[in-house]
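Report on the following structure.
The values are calculated or read from the model by the stated rules, or taken from the named source; none is laboratory data. Predicted model, so just to flag it, every value in this text is computed and none were measured. Heads up, the Cβs are rebuilt from the backbone with ideal geometry, glycines too, and the neighbour counts pull from every protein chain shown.
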Amino acid sequence: MNELAENRVVITLFGGVGDLARRKLYPSLFSLYKKGYLGEHFALLGTSRHPLSDEEFQKIVRESISKETENQAGQADKFSTHFFFQSHDVTDAEHYKVLYKRIADLDEKFGAEGNRLFYMSVAPQFFGTIARNLNNKHLKPSKGFNRLIIEKPFGNDFDSAKKLNDELSETFRDDQIFRIDHYLAKEMILNIEALRFGNPIIESMWNNNYIDNIQVTLSEDLGVEERAGYYDESGALRDMVQNHIMQIVAQLAMEEPVAFTDNDVMYEKVKALRSLRRYSPSEADANFVRGQYDADDKGGHQYREENGVDPHSNTETFVAAKLMFDNYRWYGVPFYIRTGKKLADKFTRIDVVFKKPVIDIFKNPHGQDNDSQNLRSNVLTIYVEPTSGFSLRLNAKNAGQGFTTIPVDLDYKQSDEAHDETPGPYERLFLDALENNHTNFASWPLIAYSWKFIDVIRNLWDIEKPDFPNYRPGTMGPKASDDLLARDGRHWIYQAQNHQDEINKNHH
């Protein structure tokens, strides 16, 4: 056990038997336990409306980490003894008195030194209620730290997000609040800073002198599945663009921080989003595309036929957009984004497309007409998932007689061994919260600027009736997504073959 790294804390998890807790949170905590970041001096108190004994709760925990416990059954059993359960109604102020007593007892038993971490894995409408009662019932002792982790969604527009933030701020200071966006903790998203600021050859070209455009794609091959009820109220714009994509874009667009600290990094991200061009309704209409998936040839339903979806729903399952920054570094460089359900494949990638040479000296040598000699754009691709790594596409001479150029890729892919050793997003974020590191969390100013930008598009779409459904599953979205780039003389770097076939069919 690494005593220097061990954290002393009592974690109170609201939503202790929920899907997120079972799939992500308990395996992540077990990983921290195995590595020594958690040890003898931590306890977790799970809560839910449903009554459970401590033993029943510990069994749930052991089942949730069963995939992680090969040849480690003894360690898993010992880990589960740090878990306890309290039936709790988050809306009943009297219930917090019992919660206070349980937490105080656990703190004394495990020597947590008054350190409290409260994790809200419940419906967002209860965030403010829980925070208010934590304050009223003195569940935040002066001894030790008091920190709050909350899951997304953080509001459904700027007004609701501000109201929620104000409610939380009555009990917790902003530096005590950790707003999770698990995309920020993915290994290759974190590598953006290393790639940029650790390599002068990259950073020196990370501007509008050399970059033609940047493309961010978050593609999912499944439909709404069991999330239909939530998704039909949210849609791709709120569910994916407002948080994940805006956070990634801010990381790509930010200036180099003074130092790699959470405050300095957050400052530069916020400054980047402040320079994001806020569209008027007419500009939003011209620069945003929405889609909704149709039925497929394999018996899959169109979105409006999914169980739990309004049969007349205008909720978008696809969004593509062109974003522009009005600052010195990025003026004139479009950031193209897209995300959607039931697309060609499941992946997340970033394509940084560099400008071509002003003069192509290899084109038509000796008066010959040979289109194959045209130089391609250099492209830096960051593979976020499922593969982790990056590649750089360059132009090189083809082998053989004559002189023709071909694109070649310099690739780095994370090895299976390195992938297995890489902390998962929730493991990383748990440890960051324990160590009071906000670098990989969303700040309120960042959330506020992204909502103000998104609200213009949402308000426009709420009053306009779309022509849905407008794309077939297995493609990369509606034709309008490709037209968005084509009108600028550009194209999406990633093109699935079946999507390209669909485009050709539409054109003919």
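Among the residues of segment 216-245, those that are under 18 Å from H182 (Cα atoms) and in contact with a Leu (Cβ under 7 Å, 6 or more places away or on another chain) comprise S219, E220, M240, H244, I245.
If the condition is being closer than 16 Å to F441 by Cβ and either assigned to a helix (DSSP H, G or I) or among the β-branched types (V, I, T) (or both), then segment 149-168 contributes I149, I150, A161, L164, N165, L168. Only one residue in N398, N374, N378 is surrounded by 15 or more Cβ atoms within 10 Å (Cβ to Cβ), of a type in the set (S, T, N, Q), without any contact (Cβ under 8 Å) to a residue 60 or more places away in the chain and in the same structural domain as V358 (by TED's automatic domain parsing), so which one is that? From the options N398, N374, N378, the qualifying one is N378.
Of the helices (runs of 4 or more DSSP H) that lie entirely inside segment 409-498, those containing 1 or more residues that are touching a His at 6+ places or on another chain (Cβ under 9 Å) span 425-434, 479-486. Filtering A295, A321, A286 for residues that are surrounded by 22 or more Cβ atoms within 10 Å (Cβ to Cβ) and either at pLDDT below 95 or closer than 30 Å to E268 by Cα (or both) leaves a single hit, A321. Tallying residues that are under 29 Å from F441 (Cβ atoms), of a type in the set (S, T, Y) and in contact with a helix residue (DSSP H, G or I) (Cβ under 7 Å, 6 or more places away or on another chain) within segment 392-425 yields 1.
Checking the conditions here, which among D239, D221 is in contact with a Phe, Trp or Tyr (Cβ under 7 Å, 6 or more places away or on another chain) and closer than 30 Å to K298 by Cα? After ruling out the rest, the residue left standing is D239. The residue list K152, K186, K162 contains one member that is surrounded by 15 or more Cβ atoms within 10 Å (Cβ to Cβ) and either among the hydrophobic types (A, V, I, L, M, F, W, C) or modelled with pLDDT of 90 or more (or both), which is K162.
Do the conditions hold for A236, that is, is it in contact with a Gly (Cβ under 9 Å, 6 or more places away or on another chain), at pLDDT below 90 and buried (at least 17 other Cβ atoms within 10 Å of the Cβ)? No, not satisfied.
For segment 272-288, a residue qualifies if it is of a type in the set (A, V, I, L, M) and either over 26 Å from S313 (Cβ atoms) or touching a Phe, Trp or Tyr at 6+ places or on another chain (Cβ under 8 Å) (or both), and the qualifying residues are A272, L273, L276.
Of the residues making up segment 56-114, those that are touching a strand residue (DSSP E or B) at 6+ places or on another chain (Cβ under 8 Å), of a type in the set (D, E, K, R) and modelled with pLDDT under 90 number 0.
Which one is surrounded by the most Cβ atoms within 10 Å (Cβ to Cβ) among residues in segment 402-457 that are of a type in the set (V, I, T) and within 30 Å of K163 (Cα to Cα)? Ranking the qualifying residues of segment 402-457, first place goes to I447. Comparison of I463, I457 shows that the only residue that is at pLDDT below 95 and β-branched (V, I, T) is I463. Among residues of segment 468-494 that are touching a residue at least 60 places away in the same chain (Cβ under 8 Å), those with a Cβ under 7 angstrom from a residue that is of a type in the set (V, I, T) and not in a helix (DSSP H, G or I), sequence gap 6+ or separate chain, pair up as P478/V289; A480/V289; S481/V289; L484/V289; I493/V353; I493/V379; Y494/T217. Quick one: count up the residues across segment 103-135 that are small (G, A, S) and free of Cβ contacts under 8 Å to residues at least 12 places away in the same chain. The number of residues fulfilling the criteria is 2.
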